[in-house]
Amino acid sequence: MTETIKEEASLEVQLPPAKPKIAVQIDGVRKQFGDATALHEVSLKVYQGEFLTLLGPSGCGKTTLLNLMAGFVEADNGEIFIDGLLVTDTPPYQRDIGIVFQNYALFPHMNVADNIGYGLRMRRIPKEEIQERVKQILKLVKLEAFSQRRPRELSGGQQQRVALARALVIRPKVLLLDEPFSALDKNLRLDMQQELKEIQRKLGVTTVFVTHDQGEALAMSDRVVVMSAGHVRQVSPPSDIYRNPHDPFVASFVGDVNVLPARYTSHDGNIGHFELGSAQLRLGIDRVQASVGEAVDIYIRPENIHLVPLQPSALLTGTVVGHVFQGDHADMFVDIPDLGIPKPITVRALGLQAIDDWPTGAGVGINFMEKDASAFTRATKEANT
Ligand SMILES: Nc1ncnc2c1ncn2[C@@H]1O[C@H](COP(=O)(O)OP(=O)(O)OP(=O)(O)O)[C@@H](O)[C@H]1O
């Protein structure tokens, strides 16, 4: 972000972007459980006030990384800083962090107000101040009317709001959330996502959120950390994760994607040339991670492929072999014999006209724009898990 200030008449001076402050820094942290390496030398910066999400499949190390920040798990190697202070050996209760778990972890015998005030009592905050802070935070999470209830008298969403309030009332340097909404049904989950985002924005609290749900990650985050098998694969804003994946794992894990086999034949200047079946494809080399001569996979999302009438200008040609009506869009399946792949590709068409225009059995042309495709060296199975 570049800030611009106006000096006199119309003279504009460009200021360099302000350097964001680092709230959490993880340097070369490694964690092994017996023979299993949960994290391989992970490094990561979380900026002050940002909403950062750790996203990845089950077992990729998200919770371990969160627990290392919290201090519940000890690193084998590496260092962790919170607000500039080395905390690698600091116990959890001295790290100034708020934590929300999937299963709420509320005290069943305490009412809502006492659950929320617990952390403040432990910190020996004066009684009047505790009352005032609990009152404020109850208002923030819209539970003012529920302060005297026990957790079992609350719905799942309300219990999770109590857990959130309890984590926030201590005014933590960092808020850590581990799959906080996974026990809630879909509609409530969407409401809670909005609510958390609103609260986070209002308070400006640095937040690290763990989920395996890509929709949740893309919807809520300033930046997303995609992890697999104990490695960080990419750290980018959501739109970049989706549009400019850095590797085949990220491209396949986030959103749907077609994988088309091709050969990287040459490049001149900034353009790479590929043989895609009998078609010639050109891609900007910023979208290519492969060497000339290699077998590659072209990654292209279903919504970026367009069906056109059979005509010479079409990049590829095929036959519609089926479609699935999805309410707001239709997925069309197209067999392209020229590519020599066993499965038809998927083309996503907004609206339902495509089903009428291209019935099963119809011959179609296929086009897509260069800017929407990426080429990666053909993935081996191990590299892609
Ligand atoms: N206390 C432990 N003892 C032994 N192995 C563990 C322990 N905690 C985690 N692991 C292993 O470390 C790896 C990473 O686990 P972790 O819980 O961090 O993954 P995750 O991405 O959070 O998964 P999930 O989404 O299923 O919670 C897994 O292989 C897991 O089995």
Note to self: Can you give me the solvent accessible area of S374 with a 1.4 Å probe, rounded to the nearest 10 Å²?
What the structure shows: 10
Next item on the list: Report the residue, chosen from R301, R124, R171, that carries the largest GNM mean-square fluctuation when the chain is represented by alpha-carbon nodes joined by springs under 10 Å.
Entry: R124
Notebook entry, point to check: Can you tell which of N67, N187, N111 shows the greatest fluctuation in a Gaussian network model of the chain with Cα springs below 10 Å?
Noted result: N187
Note to self: Below 20 Å, Cα to Cα, which lysines can K127 reach? Residues fewer than 8 away in the same chain don't count.
What the structure shows: K135, K139
Check: Over the stretch 258-377, what percent of the accessible surface lies on carbon and sulfur atoms, probe 1.4 Å?
Finding: 53
Next item on the list: Quick one: dipole size for the stretch 22-244, taken about the Cα centre, charges +1 on Lys/Arg Cβ and -1 on Asp/Glu Cβ, in debye to the nearest 20.
Entry: 700
Checklist line | Accessible-area value, K197, 1.4 Å probe, nucleic acids and ligands omitted, Å² | finding: 30
Notebook entry, point to check: Tell me which lysines have Cα within less than 19 Å of K186's Cα, excluding those fewer than 8 residues away on the same chain?
Noted result: K197
Item checked: Accessible solvent surface per residue of the chain, calculated while the other protein chains remain in place, 1.4 angstrom probe, Å² -> 50
Check: Suppose every K and R has +1 on its Cβ and every D and E has -1 on its Cβ; what is the size of the dipole of the stretch 284-347 about the Cα centre, in Debye to the nearest 20?
Finding: 60
Next item on the list: Rank these by accessible area, largest first, 1.4 Å probe: I285, I26, I99.
Entry: I285, I99, I26
Check: Mind listing which chymotrypsin sites (Phe, Trp or Tyr not before Pro) in the stretch 102-165 are in a DSSP loop and have 10 or fewer other Cβ atoms within 10 Å?
Finding: none
Item checked: Accessible area of the stretch 83-207 belonging to carbon and sulfur atoms, whole % at 1.4 Å probe -> 49
Check: For the chain, what's the relative contact order in percent, using C-alpha pairs closer than 8 Å and at least 6 residues apart?
Finding: 14
Check: Roughly how many debye, to the nearest 20, is the charge dipole of the chain about its Cα centre, given +1 on each Lys and Arg Cβ, -1 on each Asp and Glu Cβ, and no other charges?
Finding: 1520
Notebook entry, point to check: Among Q194, T377, G361, whose Cα sits farthest toward the positive end of the charge dipole of the chain (+1 at Cβ of Lys/Arg, -1 at Cβ of Asp/Glu, about the Cα centre)?
Noted result: Q194
Check: How large is the convex hull of the Cα atoms of the chain per residue, expressed in Å³ as a whole number?
Finding: 220
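The values are calculated or read from the model by the stated rules, or taken from the named source; none is laboratory data. These numbers come from a predicted model, not from an experiment. Reconstructed Cβ throughout: ideal geometry from the backbone, glycine too, with neighbour counts over all protein chains shown. All accessible areas refer to the heavy atoms of the entire protein, side chains included, with ligands and DNA or RNA removed. Shrake-Rupley method; radii C 1.70, N 1.55, O 1.52, S 1.80 Å.
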